[in-house]
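Bear in mind these aren't lab numbers, they're just calculated from the coordinates by the rules spelled out. This is a predicted model, so every value here is computed, not measured. Cβ placement follows ideal geometry from the backbone for every residue including glycine, while neighbour counts extend to all protein chains displayed.
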């Protein structure tokens with residue numbers, strides 16, 4: 001008798017969980033069609049290459065992962081190092097935003113600006129947190145998609161009015 005009662009309670013709890021999950025999925029917003037966001041998503045995977053800054057070339061890696069039920073893309077530059085930086089790309093209505101979580105402990109937000117070239121995605125600074133007057137921060141990132149296995153990234157920094165750019169050339173890492 002007690003076992004039968006426990007079984008009924010377990011069955012009722014299971015039905016309740018299934019119903020709650022169905023309601024939660026129904027309430028999730030659909031990701032609107034966004035060609036630029038689709039291009040960012042297509043970069044999902046592990047990449048290796050080089051970056052050039054101030055005339056010097058260094059090896060670099062980036063891992064790009066689609067997260068949060070397809071509503072965001074995480075760009076993990078130099079994973080596992082002290083210089084690791086995460087940039088989250090996500091739609092905001094019709095806009096596409098990038099929030100850069102910098103090793104400088106600030107978080108610039110950049111917005112996609114129109115481009116005549118569909119393979120060039122340029123994000124420019126709109127605002128940020130932990131950035132004081134004159135503080136160094138990312139000002140823009142330009143992603144140039146060469147083909148399915150190659151892309152470039154140009155990260156421009158603004159420090160006390162002086163701009164510098166680091167140029168990255170990546171190829172998809174072979175398994």
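Of the strands (runs of 3 or more DSSP E) lying entirely inside region 27-93, those carrying at least 2 residues that are without any contact (Cβ under 8 Å) to a residue 40 or more places away in the chain, in contact with a helix residue (DSSP H, G or I) (Cβ under 9 Å, 6 or more places away or on another chain) and surrounded by 11 or more Cβ atoms within 10 Å (Cβ to Cβ) are 56-67, 72-77. For region 130-143, the set of residues classified as surrounded by fewer than 17 Cβ atoms within 10 Å (Cβ to Cβ) and either under 17 Å from the mean Cα position of the chain (by Cα) or under 19 Å from residue 77 (Cα atoms) (or both) consists of 136 only. Looking for something in a loop (DSSP other than H, G, I, E, B) and surrounded by fewer than 14 Cβ atoms within 10 Å (Cβ to Cβ) - is there at least one such residue anywhere in region 157-164? Looking through region 157-164, at least one residue is in a loop (DSSP other than H, G, I, E, B) and surrounded by fewer than 14 Cβ atoms within 10 Å (Cβ to Cβ). Just one of (1) within 28 Å of residue 171 (Cβ to Cβ); (2) surrounded by 14 or more Cβ atoms within 10 Å (Cβ to Cβ) fails for residue 149. It is (2).
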